[in-house]
Amino acid sequence: MAEVRQGVDALDRALVQLLAERQRYMDAAARIKPDRSEVHDDARIEDVVAKVLAAAGPAGLSPAIAEPVWRTLINRCIAHEFEAFDRTRG
């Protein structure tokens, strides 16, 4: 069990790095988008989820895990992007 936990901990550290990189893209998007109304894009959300679900199966990731995790991630990233957008516009 200790080895399993070490493996999970290592993956969590790697995920933190990847999520930090994703957040930096949200910061960049907030700087680039000319209007606040462009931060939330339903079509883009569904596109991202569809791509994740398409990649999940071949990777061995259950859609029952992938979809809710990504929808939560997207929601939090959108909230972050709104905050970043507002900060950059003073």
>> Residues to consider are 46, 67; find the one that is out of contact with any strand residue (DSSP E or B) (no Cβ under 9 Å at 6 or more places or on another chain) and open to solvent by 70 Å² or more (accessible area, probe 1.4 Å).
In response: 46
>> Being open to solvent by 70 Å² or more (accessible area, probe 1.4 Å) and within 11 Å of the chain's Cα centre (by Cα) is the filter here; which residues of the range 70-90 pass it?
In response: 70, 71, 72, 75, 76
> Restricting attention to the range 5-36, which residues are open to solvent by less than 90 Å² (accessible area, probe 1.4 Å) and either more than 16 Å from the chain's Cα centre (by Cα) or on the phi > 0 side of the Ramachandran plot (or both)?
Replying inline: 7, 8, 9, 10, 33, 35
>> Looking at the range 63-81, I want the residues that are farther than 17 Å from residue 46 by Cβ and modelled with pLDDT of 95 or more and have a partner that is open to solvent by 70 Å² or more (accessible area, probe 1.4 Å) and assigned to a helix (DSSP H, G or I) with Cβ atoms under 9 Å, at least 6 apart or on another chain. Which pairs are those?
In response: 80/23
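The values are calculated or read from the model by the stated rules, or taken from the named source; none is laboratory data. Model, not experiment: these values are computed from the prediction. With ideal geometry, Cβ positions are generated from the backbone for all residues, glycine too; neighbour counts draw on all protein chains shown. To get the accessible areas, we keep the full protein, side chains included, count just its heavy atoms, and leave off ligands, DNA and RNA. Shrake-Rupley method; radii C 1.70, N 1.55, O 1.52, S 1.80 Å.
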